[in-house]
């Protein structure tokens, strides 16, 4: 699942090298994700957040008492992270030489194409402590083709999803603000929907072991070093 491969925005804003609109991501609130993570890791556990973006989750985790090292490949995104430690790096290139009680990979990055997914999970494995936990956010494994509409923080969202083949998906998501701001995010058809068996196998390939599946629509996965 290529992240923000093709983003077209009518609103003028700072964009990253891949076209992602920084201002849009700054407006996105949290929706219980930090509390979900907080509930499955020890109090005060340090977190390595891979793909932090503008720090939407970073700030909330710090407020919950977790030291966070935020990693992102975009200097424009990372400049908005005003808490914790920040590291400018692609996930697949990260080599910190230290481990963390929690490694967090959100935003459906685990649903990427095989090579990218393996690199991301390898990074998780290399940076999680022996008794630590890797927490992954995946796409809804039961996602279906069709149109949906609703509110997402300050945005009104219209999404069109289409299943492609056995485990692929492509989509168009339109974000609109009351003041007329508008962004369109296209993704796919690369990447894979990972059901429980596929998730377990993907983890096993990178010497990780599935511990539990939890959260809304079973989208959250906890794993440990095998």
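Read-outs throughout are calculated quantities, based only on the coordinates presented, and are distinct from any laboratory measurement. Quick caveat, the model's predicted, so the values are computed rather than measured. Here Cβ is always computed from backbone atoms with ideal geometry, including for glycine, and neighbour counts include all displayed protein chains.
See the values below:
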item	result
Rh (Kirkwood; distinct C-alpha pairs) - segment 38-77, Å	10.4
Ratio of the Cα radius of gyration of segment 149-226 to 2.2 N^0.38 Å, where N counts its residues	1.43
Simple spin-label estimate for residue 147 and residue 200 in nanometres, 7 Å along Cα-Cβ	3.9
Nitroxide proxy distance, nm - points 7 Å out along Cα→Cβ at residue 23 and residue 129	4.2
Cα principal axis extents for the chain, largest first, Å	48, 41, 29
Of every Cα-Cα pair in segment 16-82, the percent that sits beyond 16 Å	44
Principal semi-axes in Å for segment 109-200 [√(5λ), Cα gyration tensor, largest first]	29, 18, 12
Alpha-carbon centroid distance for the pair segment 73-113 / segment 200-226, whole angstrom	19
Antiparallel %, DSSP beta bridges [both residues in segment 59-217], to 5	70
Estimated 222 nm signal from helices in the chain, with DSSP H stretches of n ≥ 4 weighted -39500 (n - 2.57), rounded to 500	-5500 deg cm²/dmol
Calculated log₁₀ intensity ratio I(q)/I(0) where the Debye formula runs over C-alpha points of segment 26-158, q = 0.13, 0.14, 0.16 Å⁻¹	-0.56, -0.65, -0.84
Equivalent ellipsoid semi-axes, segment 175-214, via Cα gyration tensor eigenvalues times 5, rooted, Å	36, 13, 8
